[in-house]
Amino acid sequence: MNQHDGLRDHDHGWADPAGTDVLAQTLGAMAGGVDPASPTGPAAAVPAMSKRVRRRRGAKLGGLGGGALALAAVVALGATQLAPPDGAEVLPGSPTSSPAFQVREGYQPPWLEWSDLTCGMPEADLRSTAPGWSVAVAGDVYARTDDLGGERSRSWGIATAFQDGKGTLDVAPVLVWSQDGTVLDLGPNVFDEWSEKDELPVPLVGTGTGTVAALGTSMSTCVPGREYGDLQHKTPLPEGDYEVRVVAFPRIDGQWATTVSDPVQVHLDADGAHSLGEPRAAEPVVELSEPVEGQVSKFVLDRTTELVTAEMTRRDYSSDTPMRVMGRCASSDPEDMLPIELVLPSTGEVVAASQITCDGFEAGSAVGALSENRSGETIDIRLPDVPDGVSRLWVSLEPETPVGGGDEPECSATGFEPDYATGFELTQSTSATAGNIMVLAQVCNSEALVELAKQHGVELMSGTETPEQVFALPETDPGRYRELAALVSDTTPVIPDEGSSDAVVVWPRVITEEFQDSAEAWAELVAAGVLTEGQAEAQQAGGYQGPRVGITMDGDWLYYTTGQ
């Protein structure tokens, strides 16, 4: 709960000695042309947060209980495969398989020659040979899609958790697909891909630290073919229902071994691979947005049906354009936080980080240009810890200034005309500060708002954002300027602790128990444009979750925060 919401309710009818409506008079005068503050200079650039954790291949995993693997990279796979053995028998796929899909029975990809894993083998023969090791699926299957203007490609991943035994885990685990009791795909060649890497891949969708990504491709390695004389695997698994197991390859005394998970059910269709789960619901319903021009990457997670969809799509390459992370997340607990990491796939470096609240409302933050020494590379969006109650979300890495948005106002308060709430009197100091805030937001003066917030030491949003981030233009949180201006001019405040030495005037009044059930107070927020009717209805039952402002009787601006 927001620390400012525990305020107790008292009589709010404080009046100044003169009995005049100072707030309305002050705001009106200032809107008429008063210059309340001078700009101080451009806002500081938002530094991109960078962090990296590396793990030497020779070290044991130690049960993966710590954070040593939490920021490792998920790297795109490319398999180098050799010709099948002579005389290998062709095994038809399941009855639902397409005519072009035929597994070559007995075919063993060359990187698995040390093992007893073969295409077309009974799934019952998939067994662990690594003493003390176990592996379990720890998340939903997700897709990683490249849609970069050429041929669209897709690979799979899933979070896994390990109990380690003797030896080390030096290569990524893989996804093995079976249908009707028969193995139809043995997964990609991770031995060549990961033999020189110091890190194991971290899943793009995680449930906390200590998990490793098991990897797969959309093309079965059990259907070999040739192109220009070279072996290729370009036949996708047919649509249908599959059992998917994670197979990992510990190295014990210089020899490879296997450990195999229990199966999970996965449905494969034209939209991708879907884990099966219980449908989740949360209000307000998050609508999945269309791609915006200039979008580099986008992540979508949908758990509203029994078929879970999780997909990260890369649409463009990084450049020197300042970027922002925008998103919406809905959870059964609106106070859930969704951490977001932007990852360089080639190195695993986390080049920026952000977070949004899963209250169903769009939010975001600027992350600056991500292309220093990285121009022309793709950027992955990674969600390292998705709360269990999340029903649907999307996250977009896109230009900070919308491309082709010249017809839209740069600031949401452009053209805003305050109506001024009446019937509540403030001290001149409080009224002056409120008027200052309103006018600066109304005229979209970012520099002066930043300076004012710094002068007062204002607590902003979740408490971690800087004034430069909160009052950036273009707005990283669409509608923020108009919302702030309307909040202090068009809604009625309240003094919960009136009479105390540290009494604070608070906007809006619905955050107090006295007005929580007031239809008039909620209607006032809707009329001011701070909430939509749908948002107001959704929040009345559980409490106000929108923005709030607090100013002392001496005119000290304390906070501009949001949340329940």
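Okay, here's what the table says:
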| read-out | value |
| --- | --- |
| Positions within the stretch 302-338 being small (Gly, Ala, Ser) and closer than 25 Å to Gly277 by Cβ, in sequence order | Ala310, Gly327, Ala330, Ser331, Ser332 |
| Residues of the stretch 492-511 that turn out to be part of a loop (DSSP other than H, G, I, E, B), farther than 11 Å from Pro547 by Cβ and touching a Ser or Thr at 6+ places or on another chain (Cβ under 6 Å), as a count | 1 |
| Those residues of the stretch 503-533 which are open to solvent by less than 10 Å² (accessible area, probe 1.4 Å), of a type outside the set (S, T, N, Q) and touching a strand residue (DSSP E or B) at 6+ places or on another chain (Cβ under 6 Å), in sequence order | Val505, Val506, Trp507 |
| Count of the stretch 258-271 residues which are assigned to a strand (DSSP E or B) and surrounded by fewer than 21 Cβ atoms within 10 Å (Cβ to Cβ) | 4 |
| Considering residues of the stretch 176-199 that are assigned to a loop (DSSP other than H, G, I, E, B), within 20 Å of Gly348 (Cβ to Cβ) and modelled with pLDDT of 90 or more only, the residue nearest to the chain's Cα centre (by Cα) | Pro188 |
| Top-ranked residue in the stretch 111-138 [being assigned to a loop (DSSP other than H, G, I, E, B) and farther than 21 Å from Lys166 by Cα; ranked as nearest to the chain's Cα centre (by Cα)] | Ala138 |
| Counted residues, the stretch 252-302 - those being modelled with pLDDT under 95 and among the basic types (Lys, Arg) | 1 |
| Residue match in the stretch 333-346 (condition: among the small types (Gly, Ala, Ser), outside any loop (DSSP other than H, G, I, E, B) and in contact (Cβ under 8 Å) with a residue 40 or more places away in the chain) | no |
| Of residues in the stretch 401-436 being β-branched (Val, Ile, Thr) and closer than 19 Å to Val530 by Cα, the one modelled with the lowest pLDDT | Thr422 |
| Residue match in the stretch 441-458 (condition: within 28 Å of Ala523 (Cβ to Cβ) and open to solvent by less than 20 Å² (accessible area, probe 1.4 Å)) | yes |
| Leading residue by the ranking (least open to solvent (accessible area, probe 1.4 Å)) among those in the stretch 459-491 that are touching a strand residue (DSSP E or B) at 6+ places or on another chain (Cβ under 8 Å), modelled with pLDDT of 90 or more and assigned to a loop (DSSP other than H, G, I, E, B) | Thr491 |
| The stretch 139-175 - residue that is assigned to a strand (DSSP E or B) and out of contact with any Gly (no Cβ under 9 Å at 6 or more places or on another chain) and, of those, farthest from Thr235 (Cα to Cα) | Leu169 |
| Residue in the stretch 299-310 that is of a type in the set (S, T, N, Q) and open to solvent by less than 10 Å² (accessible area, probe 1.4 Å) present | no |
| Of all residues in the stretch 198-257 being open to solvent by 20 Å² or more (accessible area, probe 1.4 Å) and aromatic (Phe, Trp, Tyr), the one that is nearest to His274 (Cα to Cα) | Trp256 |
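The values are calculated or read from the model by the stated rules, or taken from the named source; none is laboratory data. Keep in mind that this is a model prediction, so the values were computed, not measured. Note: ideal-geometry Cβ built from the backbone for every residue, glycine included; neighbour counts use all protein chains shown. SASA here: full protein model, heavy atoms, side chains in, ligands and nucleic acids out. Shrake-Rupley method; radii C 1.70, N 1.55, O 1.52, S 1.80 Å.
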